[in-house]
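I have placed the structure first, in the form of structure tokens, so that the comments after it can refer back to it.
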């Protein structure tokens, strides 16, 4: 079986735990996922099965959406409620003050990754160092927060909804907002509501997958091409199909539709999605990734 199944990851499961379950359920070792979620987070985890695993490293839509709960007045070593609290503040914050501060965190900003993360420095995961009580200097990285809204707030606890670029840490965003307010803040819950273009409405639960038979599992798999839906579609004639599938570069001038130079596009042989390609500087259509006809 080949395709994508979206899982609503439960709390206390790592992303690798979900992959392990999918390997058993689908009976294959060829399983990958589209973006790590922290163990205490829930929500959209796209899982790629069989030949679809070729798509994991070239997903065009890397932006994510989250719903995160927070509590003002606290800071912790992990920047969430599950860590060791190291500071408490009783400073009160109004809704107007919170809204004003949020403006600083919209758009293109810099963010310092948290110590409790899977990022590596000199070959070592930051979280492994953090568990040893070691803190190292981390460089701030550019991220984009295209939407940041407060949907609930009672003066202490609240909920934010965020649309952001890949690599954004929501608990760090909450921590930094707390620092800007002068109160501190920790994340108390996190749900990813969109990833790789998929939403919660398209997700299955671990329990559903475990209980399903092979025929049902197969019917739940989304086509690999769905993850490339934002890309332009390029259809080849029979001669071009044969050449493309054999790795031959095609004359872009002879294509029915000529994509922009270096523009990644979906390639179809009839109604079958067969791969990704782009036009190079020499006006040739070159294969970027080929997929088996499903």
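Quick one: residue 180 ticks every box in (1) modelled with pLDDT under 95; (2) surrounded by fewer than 17 Cβ atoms within 10 Å (Cβ to Cβ); (3) under 30 Å from residue 79 (Cα atoms) bar one, so which box is it?
(1)
Every residue, every condition in (1) loosely packed, with under 12 Cβ neighbours inside 10 Å; (2) under 22 Å from residue 35 (Cα atoms); (3) touching a strand residue (DSSP E or B) at 6+ places or on another chain (Cβ under 6 Å); (4) modelled with pLDDT of 95 or more, yes or no:
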site: 89; (1), (2), (3), (4): no, no, no, no
site: 102; (1), (2), (3), (4): no, no, yes, yes
site: 113; (1), (2), (3), (4): no, yes, no, no
site: 117; (1), (2), (3), (4): no, yes, no, no
site: 146; (1), (2), (3), (4): no, yes, yes, yes
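With the structure loaded, tell me whether residue 201 is within 15 Å of residue 65 (Cβ to Cβ), at pLDDT 95 or above, out of contact with any helix residue (DSSP H, G or I) (no Cβ under 8 Å at 6 or more places or on another chain) and in the same structural domain as residue 52 (by TED's automatic domain parsing) or whether it fails that test. Step through it out loud before you land on a result.
Numbers: within 15 Å of residue 65 (Cβ to Cβ): yes; at pLDDT 95 or above: yes; out of contact with any helix residue (DSSP H, G or I) (no Cβ under 8 Å at 6 or more places or on another chain): yes; in the same structural domain as residue 52 (by TED's automatic domain parsing): yes.
Answer is yes for this residue.
Which condition does residue 14 not pass, out of (1) under 20 Å from the mean Cα position of the chain (by Cα); (2) in contact (Cβ under 8 Å) with a residue 60 or more places away in the chain; (3) under 30 Å from residue 149 (Cα atoms), if it passes all the others?
(2)
Name the one entry in 133, 155 that is in contact (Cβ under 8 Å) with a residue 24 or more places away in the chain, loosely packed, with under 14 Cβ neighbours inside 10 Å, over 20 Å from the mean Cα position of the chain (by Cα) and not in a helix (DSSP H, G or I). Lay out the reasoning, then the answer.
Numbers: 133 fails: in contact (Cβ under 8 Å) with a residue 24 or more places away in the chain.
155 is the lone residue from the list that is in contact (Cβ under 8 Å) with a residue 24 or more places away in the chain, loosely packed, with under 14 Cβ neighbours inside 10 Å, over 20 Å from the mean Cα position of the chain (by Cα) and not in a helix (DSSP H, G or I).
Could you list, in sequence order, the residues of the range 18-71 that are closer than 24 Å to residue 83 by Cα, assigned to a loop (DSSP other than H, G, I, E, B) and touching a helix residue (DSSP H, G or I) at 6+ places or on another chain (Cβ under 6 Å)?
36, 37
How about the range 119-128: which of its residues are within 22 Å of residue 76 (Cβ to Cβ) and either at pLDDT 90 or above or assigned to a loop (DSSP other than H, G, I, E, B) (or both)?
If the condition is that a residue be within 22 Å of residue 76 (Cβ to Cβ) and either at pLDDT 90 or above or assigned to a loop (DSSP other than H, G, I, E, B) (or both), then 119 is the only one that fits.
It is to be established whether one or more residues within the range 30-40 are over 23 Å from residue 227 (Cβ atoms), outside the structural domain of residue 222 (by TED's automatic domain parsing) and in contact (Cβ under 8 Å) with a residue 24 or more places away in the chain. Break it down stepwise before answering.
So the first thing to find is which residues in the range 30-40 are over 23 Å from residue 227 (Cβ atoms), and the list is 39-40.
If we keep only those that are outside the structural domain of residue 222 (by TED's automatic domain parsing) as well, we get none.
Within the range 30-40 (the criterion being over 23 Å from residue 227 (Cβ atoms), outside the structural domain of residue 222 (by TED's automatic domain parsing) and in contact (Cβ under 8 Å) with a residue 24 or more places away in the chain), the answer is no, since none of the residues qualifies.
Filter the range 271-293 down to the residues that are surrounded by fewer than 16 Cβ atoms within 10 Å (Cβ to Cβ) and either touching a residue at least 12 places away in the same chain (Cβ under 8 Å) or under 18 Å from residue 53 (Cβ atoms) (or both) and list them by number.
Listed by number, the residues that qualify are 272, 280, 281, 283, 284, 286, 288, 289, 292, 293.
The values are calculated or read from the model by the stated rules, or taken from the named source; none is laboratory data. These numbers come from a predicted model, not from an experiment. Virtual Cβ from ideal backbone geometry, glycine too; neighbours counted across all protein chains shown.
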